[in-house]
Amino acid sequence: MTTTSTPAWRATEDRRWRPGPALLGLFAGWVALFAWSGMVAEPLDFLVPTLLVGVLMTLAGSGLRLLGVASYAVAVAQLLAGLLSLNVIFAAGQSVFGVVPTPESASRVLYAISNGAATLNAYSSPVEVNATHTRAMLMACGLAVLLSIDVLGIGLRRPSLIALPLLVALSVPVSILRDALALPVFIGTALLFLRLLATERLDIFGSWGSRAAGNRAKASTDRAVGTMWFVSVAAVLAALVTAPLVPVTDLFDPGAGGAGGGSGSGGGFQLTAVNPLIRMRRDLVEKTHTPLLYAETRSPSTSYIRTTVLDDFTSEDWRPSPRNLPADNKADGVFPNPPGLSPGVRGREDDWSFELARQFATTWLPLPYPIRELSVPGSWRFDSRTLDVAFVGGDAPRQLSYKVRSFIPVITPAQLESSVKATDDVRTSMTRVPRDLPAIIRQRAEEVTRGADGNYAKAVALQDWFRQGGGFRYSLDQRAGSGMDLLASFVTDDRVGYCEQFAAAMAAMGRTLGIPSRVAVGFLDGSTQPDGQILYTSDDRHAWPEMYFSGVGWVRFEPTPGERAGVTPSWTRQSGEAPAPAAVPSASARTRPTPQPAPTQTDTTSSGNANISVPWWSVISLVGVLVLGVVPGLLRRLQRRRRLAPASPVHLAEGAWAELRATAVDLGMAWPEQRSPREQARSVVGQVQAEDADVVSLEGLLVRVEQGRYGQGVTGDPGAVDEEVRAGTVRTVETWRRTMVESLDRGRGWRGTWRRNWRSRVWPVSLLRKGQ
């Protein structure tokens, strides 16, 4: 009785290390992380190292499972590998030999992650500041997603649970960035996830990472791979087609019963705005002179234009507080009286016509302050506390035209000096400072205002200190540090900055003195064009402090040096005092050439950007895919040409035989490497359905190979090849290549044949497997 046993080489193959499924889960998670690209200006800075560390963690986990290590121990080891990698990347200088963690290095990594989280929370996306810390934060979160995928899908053998971390990763653009999920990211993640589920259905997950994977299961998987991908693609296409048909309630539509605590007829909406300062600094640094806003007015002078105010002073920065925008606060119509402005204050009204430039879209409506009436189309609402106007109807409108009636109150130093104390609600909320505010800021404010009597005199003293007596210099250079440390450095040692630092510092110092203060963001005085229009460009973006005085309301001050901001407001100059010198003419006298069109800009109340250009990493990825898809096949064709070109008959026969072997390997056919050429030929013939004439031609090639290896049967000049022999050899190789392709997997249908043939052309494995 004959007993069939598994060959030794086959048993070794069954126990081999098989990290492929784990890497498939890794790549599914990594593709999902591309949804986070809009959070930072350079997404590859965290995506690439996250992938590399993720591969390290995945391979380590796969190897440990091969050794039979318990799942919980594997997860702990992978976690340690990830933490060690973060330590090496972000705290090598504080580690022993640059690798071994220390308490100091651990503290540094934790600080980088926490500060990165604070930065991402404070600035609008894409964030450019604190790049190292934001990278640490995103890497830590990304590695947590990848580890969860490996533990759930591979360690616990529950691939369906992978949907949880994938959902977390994919929800970021919608829940945080308030942006749409990129279609390529969704399709790639969905296909990889469905591939994992299909593999589980075939009971392959039970053998991942184990010591033996059943041969029958492997064969079953090979036969069903084509069907898996067809079903996966169909499912993704069905999701894309049916998604637009699902009804969705518009939370911004009053008729839809939106959320919020608005009064009146419902449809209230509370807007949590992001910090607009990042966009401002970028424009000031780039100096593109991009047209953003055109205005016309009969007023004898231009005016500052405000977009929003930053009234929430936190440990990191100044930012807009949540805006309450109920449906009753429709901006199209008459506005309420500005907070703090007495009804009897004299002033004049000016009529304005505004138009947003073609390159500019914004959900903060640029307006003079205060205004009496606004005529604007669309879903615009105002906040009762700040009177800034926000768009709640979806995408920011473009080339919007609107009309405004503004009110310019007459403000005099006498009015401000005689102003009474602010009401409790204003004083409580608008003098609040962070608990960790450095003491030097309060101390410096008291030193600068020593001898000043009353809030107005103190405010003027602060402004004059920044403008003239404090030794400050205007510069757009990036300063080291962030948050409270940067603010303290600005008012003590550094004293170099641009309008953001000057406005933030004066408002912070004002609050320490008990003066209600906030920061306004908008535009400097525009420049009058030859046609009479007033142009506000990206170079005119500006920030300034506003301080509250009962009877007058919020009053503008100007601490930024005159070389940038021109003269100070008239009500801040004492009687008989000459205007502060300015390095440039007043804004109303400036005339600039008409700017050339510049890239589109968008200011939004959300942290997303509706006009993000295609990132350069996508181009690199596309080139990489093309290289992987073209270069191996090209090398294989060059190799075939070289093998069939020798001038020696012996070398020609060996080259032709090597080409037959490579074809069989590329197609996945059996080729007994350590057997004789005759046994190799017998193996090939047994796997195909060949014509008798083709077998005869193969026999002729086999004889010449055997003569070259084992005898001296090759006659004639060894350096010359008859062209008829060469043509016959090439014809034999091509015939047998076609025969092997046509005969391959006939029982599996056209899909299996096409798949093998496609793989042999695009990714020929014979390039990596040398013959024995």
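Please go through the range 672-698 and pick out each residue that is modelled with pLDDT of 85 or more and more than 17 Å from Arg738 (Cα to Cα).
Matches in the range 672-698: Pro672, Arg675, Ser676, Pro677, Arg678, Glu679, Gln680, Arg682.
Across the range 379-417, what is the total count of residues that are open to solvent by 10 Å² or more (accessible area, probe 1.4 Å), β-branched (Val, Ile, Thr) and in contact with a strand residue (DSSP E or B) (Cβ under 7 Å, 6 or more places away or on another chain)?
3
Quick check on this structure: which one of Ser621, Ser607, Ser613 is within 30 Å of Asp539 (Cβ to Cβ), open to solvent by 40 Å² or more (accessible area, probe 1.4 Å) and either modelled with pLDDT of 85 or more or hydroxyl-bearing (Ser, Thr, Tyr) (or both)?
Answer to the check: Ser613.
Tally up the residues in the range 466-518 that are open to solvent by 20 Å² or more (accessible area, probe 1.4 Å), at pLDDT 90 or above and of a type in the set (Lys, Arg), please.
2
Which of the residues that make up the range 350-378 are modelled with pLDDT under 90 and either surrounded by fewer than 21 Cβ atoms within 10 Å (Cβ to Cβ) or touching a Leu at 6+ places or on another chain (Cβ under 6 Å) (or both)?
Ala357, Arg358, Gln359, Phe360, Gly378
Does Ala580 satisfy the criteria of being within 19 Å of Met280 (Cβ to Cβ), at pLDDT below 90 and open to solvent by less than 40 Å² (accessible area, probe 1.4 Å)?
Criteria not met by Ala580.
Restricting attention to the range 113-122, does a residue exist that is at pLDDT 85 or above, open to solvent by less than 50 Å² (accessible area, probe 1.4 Å) and farther than 24 Å from Asp317 by Cα?
No, the range 113-122 contains no residue that is at pLDDT 85 or above, open to solvent by less than 50 Å² (accessible area, probe 1.4 Å) and farther than 24 Å from Asp317 by Cα.
From the list Ala81, Ala73, Ala92, Ala77, which residue is farther than 24 Å from Asp150 by Cβ and among the small types (Gly, Ala, Ser)?
Testing whether each residue is farther than 24 Å from Asp150 by Cβ and among the small types (Gly, Ala, Ser) leaves just Ala92.
Return yes or no: is Leu310 at pLDDT below 90 and open to solvent by less than 30 Å² (accessible area, probe 1.4 Å)?
Spelling it out, it is not the case that Leu310 is at pLDDT below 90 and open to solvent by less than 30 Å² (accessible area, probe 1.4 Å).
Out of Gln501, Gln529, Gln468, Gln478, report the one residue that is among the polar types (S, T, N, Q) and over 26 Å from Glu286 (Cβ atoms).
None of the other options fit; the residue is Gln468.
Confirm whether Ala81 is within 30 Å of Arg319 (Cβ to Cβ), in contact (Cβ under 8 Å) with a residue 24 or more places away in the chain and in contact with a helix residue (DSSP H, G or I) (Cβ under 7 Å, 6 or more places away or on another chain).
Here the answer is no, as Ala81 does not meet what is asked.
Within the range 419-434, take every residue that is open to solvent by 50 Å² or more (accessible area, probe 1.4 Å) and modelled with pLDDT of 90 or more and give me the one that is nearest to Ala507 (Cα to Cα).
Arg432
What tally of residues in the range 536-568 results from selecting those that are farther than 11 Å from Ala520 by Cα, of a type in the set (A, V, I, L, M) and modelled with pLDDT of 90 or more?
Looking only at that region, the number is 1.
Here are Ala520, Ala543, Ala504: which of them is within 36 Å of the chain's Cα centre (by Cα), in a helix (DSSP H, G or I) and closer than 28 Å to Gln443 by Cβ?
Result: Ala504 is the single residue among Ala520, Ala543, Ala504 that is within 36 Å of the chain's Cα centre (by Cα), in a helix (DSSP H, G or I) and closer than 28 Å to Gln443 by Cβ.
Just checking, which of Asp464, Asp494 is among the charged types (D, E, K, R) and in a helix (DSSP H, G or I)?
Of Asp464, Asp494, the one residue that is among the charged types (D, E, K, R) and in a helix (DSSP H, G or I) is Asp464.
Please give the number of the condition Ala488 fails out of (1) in contact (Cβ under 8 Å) with a residue 24 or more places away in the chain; (2) in a loop (DSSP other than H, G, I, E, B); (3) farther than 30 Å from Gly333 by Cβ.
Going through (1) in contact (Cβ under 8 Å) with a residue 24 or more places away in the chain; (2) in a loop (DSSP other than H, G, I, E, B); (3) farther than 30 Å from Gly333 by Cβ one by one, Ala488 breaks only (2).
Kindly state which strands (runs of 3 or more DSSP E) lie completely within the range 326-415 and contain at least 3 residues that are among the β-branched types (Val, Ile, Thr), out of contact with any Gly (no Cβ under 7 Å at 6 or more places or on another chain) and without any contact (Cβ under 8 Å) to a residue 60 or more places away in the chain.
none
Just to be sure I understand, how many residues within the range 316-329 are in contact with a strand residue (DSSP E or B) (Cβ under 6 Å, 6 or more places away or on another chain) and open to solvent by 40 Å² or more (accessible area, probe 1.4 Å)?
2
Can you name the number of the only condition in (1) hydroxyl-bearing (Ser, Thr, Tyr); (2) assigned to a loop (DSSP other than H, G, I, E, B); (3) modelled with pLDDT of 90 or more that Thr50 fails?
In the conditions (1) hydroxyl-bearing (Ser, Thr, Tyr); (2) assigned to a loop (DSSP other than H, G, I, E, B); (3) modelled with pLDDT of 90 or more, Thr50 misses (2) alone.
Which residue pairs have Cβ atoms closer than 6 Å, lie 6 or more positions apart in sequence or on different chains, and pair a first residue in the range 300-318 that is of a type in the set (A, V, I, L, M, F, W, C) and part of a strand (DSSP E or B) with a second residue that is crowded, with 21+ Cβ neighbours inside 10 Å and at pLDDT below 90?
That search, which allows pairs on different chains as well, returns Leu310/Trp318; Leu310/Arg319; Leu310/Pro320.
From the set of residues in the range 435-444 that are within 34 Å of the chain's Cα centre (by Cα) and surrounded by 13 or more Cβ atoms within 10 Å (Cβ to Cβ), which is farthest from Leu310 (Cα to Cα)?
Filtering first and then ranking leaves Pro438.
May I ask you to list the residues in the range 71-96 that are over 27 Å from the mean Cα position of the chain (by Cα), more than 24 Å from Leu156 (Cβ to Cβ) and in a helix (DSSP H, G or I)?
Gly93, Gln94
Looking only at residues that are in a loop (DSSP other than H, G, I, E, B) and open to solvent by 30 Å² or more (accessible area, probe 1.4 Å) in the range 658-670, which one is modelled with the lowest pLDDT?
That would be Gly668.
Quick one: how many residues across the range 94-115 are more than 19 Å from Val53 (Cα to Cα) and in contact with a Lys or Arg (Cβ under 9 Å, 6 or more places away or on another chain)?
Qualifying residue count for the region: 1.
The values are calculated or read from the model by the stated rules, or taken from the named source; none is laboratory data. Being a predicted model, the structure only gives us computed values, none of them experimental. No Cβ is skipped: glycine too gets one built from the backbone with ideal geometry, and neighbour counts run over all protein chains shown. Accessible surface is based on the protein model in full, side chains and every heavy atom, while ligands, DNA and RNA are left aside. Shrake-Rupley method; radii C 1.70, N 1.55, O 1.52, S 1.80 Å.
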